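The values are calculated or read from the model by the stated rules, or taken from the named source; none is laboratory data. Since we're looking at a predicted model, the values are computed, not measured. Backbone-built Cβ (ideal geometry, glycine too); neighbour counts: all protein chains shown. Surface areas here come from the heavy atoms of the whole protein model, side chains and all, with no ligands, DNA or RNA. Shrake-Rupley method; radii C 1.70, N 1.55, O 1.52, S 1.80 Å.
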Amino acid sequence: MSRTVLPLASSTPKSADPLALIDVDHVRLYVGNAKQSAFFWAHAFGFSVEQYSDLTTGSRDEASYLLRQGNIRLVLTTGLTKDHPACKDVALYGDGVKDIAFAVQDATATWEAAIRNGAQSAHAPIERADANGVVTTAAIRTFGRCVHTFVSRRGNYALPNVKQGGAFMPQFAPVRNFAPNAYNRAHPCGLECVDHCVGNVELGKMNHWVQWYSDVLGFKLFKHFDDKDISTEYSALMSKVMDSGAGLIKIPINEPATGKRKSQVQEYLDFHDQTPGVQHLAFRCNDALETVAELRARGVDFLRLPDTYYEKVWDRVEGEMHAHVAEDHDRIKELGLLVDADDEGYLLQLFTMPLQDRPTLFIEIICRRGSQSFGKGNFRALFESLELEQERRGNL
Ligand code: FE2
């Protein structure tokens, strides 16, 4: 049973600040074929395909799969008719992130506060209820194709239950006997949470969206990188990292910067209907060597670094930055991991190739050992590598 309620007087306890975000409830991707995408995410990244919603569960216009690993929940959604918004989105932009959904105390109150702060509604509050409980969602538009849905849950649908594999929302049923799930339990990839979620926006629009996250959702500026930090001979970008109040999730916003040739952000936009969207999702793990070894064994294709990277990295990270990297240095090189440090500690990171034929969405694997930054020291090596790939695609 589902009904639209506008406005909704909620019986959930009001938190002092309706914009206090509790967690990332889920990240929804719009894809051309959710059934097949679920196989990809299960086989390549070790996600467990746990629940589904389709014609057989009473969903008449779309099919969705809930995938889970650690505290990461991905929802893959496909429209079943040409007029479904997911089908239109996929036609324009290809498969990619539609929604970074936030768990909140009271979705209606959060949505109302965001609208008061200047947000544009994507949809008014909807309450879905069944014998298990109630899930209320309401959504606002953010950059380009993306939205933020606010989700509040009552009864058995409470987030702590969902984190343990409990029912996601009405019209979802458990997936049974999906063989890759057993394989993934025996061969875990160790992805634990969404560390950050990066938006690519048009030239000149970074500061607009930085202000928007501050005004509408109360985010704070966490880090700022300009084109001197993030430029190579050709490709440049500027980036500001926005951080939600409780440090729940970081949203870096990138815009292209003028370089000799095409910025990687512009390449993204060129294959994304000149429309902003999510460039990469960063998943955090606690053992980068094990995680990347497992992902490589599964065939995940990572960006290749210049051979010279490891000639300089230890002088930079351990010499200049005084970090002591505990992981085996030879193994780090074998697995092709990047290392960076700041005054709080160090981090290991690695980036996949685009997940689809369009050079758009990719995944970052990040392991933090104290460092709260984003690998600024790796930008040059990384971007030189990215440029080689751009050149191979004929887009530089
Ligand atoms: Fe990142």
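Averaged per residue, what accessible area in Å² does segment 322-386 show with a 1.4 Å probe, protein chains only? Spell out each step's value before the answer.
Working: 2500 Å² over 65 residues.
Heavy-atom accessible area per residue stands at 39 Å².
What percent does the relative contact order of the chain come to when contacts are Cα pairs within less than 8 Å and at least six residues apart?
15 percent
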Computed D for the chain, Stokes-Einstein, Kirkwood radius over alpha-carbon pairs, 10 °C, 1.306 mPa s, to the nearest µm² per second, is 73 µm²/s
Under 18 Å from Lys240, Cα to Cα: aspartates and glutamates that are on another chain or at least 8 residues apart: Asp195, Glu202, Asp215, Asp226, Asp227, Asp229, Glu255, Asp342, Glu364
CD proxy, 222 nm, the chain: helix-only mean residue ellipticity via -39,500 (n - 2.57) per DSSP H run with n ≥ 4, per residue, nearest 500, stands at -7000 deg cm²/dmol
Listed residue (Phe143, Tyr93, Tyr52) projecting farthest to the positive dipole end of the chain, Cβ model: Tyr52
Given a 1.4 Å probe and heavy atoms of the protein chains only, how would you sort Arg368, Arg331, largest accessible area at the top? Arg331, Arg368
Sequence order, segment 192-203: Karplus ³J(HN,Hα) from phi using 6.51 cos²θ - 1.76 cosθ + 1.60, θ = phi - 60°, Hz rounded, Gly and Pro as x, gives 10, 7, 7, 7, 7, 9, 9, x, 9, 10, 6, 3
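Specify whether the C-alpha gyration tensor of segment 77-151 places it in the rounded, prolate or oblate class, a ≥ b ≥ c being the square roots of the eigenvalues: rounded for a/c under 1.5, otherwise prolate if a/b is larger than b/c and oblate if not.
Numbers: a/c = 2.42, a/b = 1.33, b/c = 1.82.
It comes out oblate by the Cα gyration axes.
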So what J values fall out for segment 346-361 if you push phi through Karplus, 6.51 cos²θ - 1.76 cosθ + 1.60 with θ = phi - 60°, rounded to Hz, Gly and Pro as x? 10, 9, 10, 8, 7, 10, 7, 5, x, 7, 9, 5, 6, x, 10, 5
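Relative contact order (percent) for segment 191-393, with alpha-carbon contacts under 8 angstrom and 6 or more residues of separation? All intermediate terms of the calculation are to be shown ahead of the outcome.
Working: 387 pairs, mean separation 46.8, N = 203.
Once normalised by length, the contact order is 23 percent.
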Two decimals is fine: what is log10 I(q)/I(0) at q = 0.10, 0.17, 0.20 Å⁻¹ for segment 2-186, from a Debye sum with one equal scatterer on every Cα and no solvent? -0.39, -1.15, -1.53
Subtracting the Cα-Cα distance from 0.36 nm times the residue separation, let me have the gained length for His324 to Thr56 in nm, one decimal. 91.0 nm
Which of the pairs Lys82/Lys220; Lys205/Lys376; Lys35/Lys163; Lys223/Lys262; Lys82/Lys262 have their Cα atoms more than 31 Å apart in this structure? Lys82/Lys220; Lys82/Lys262
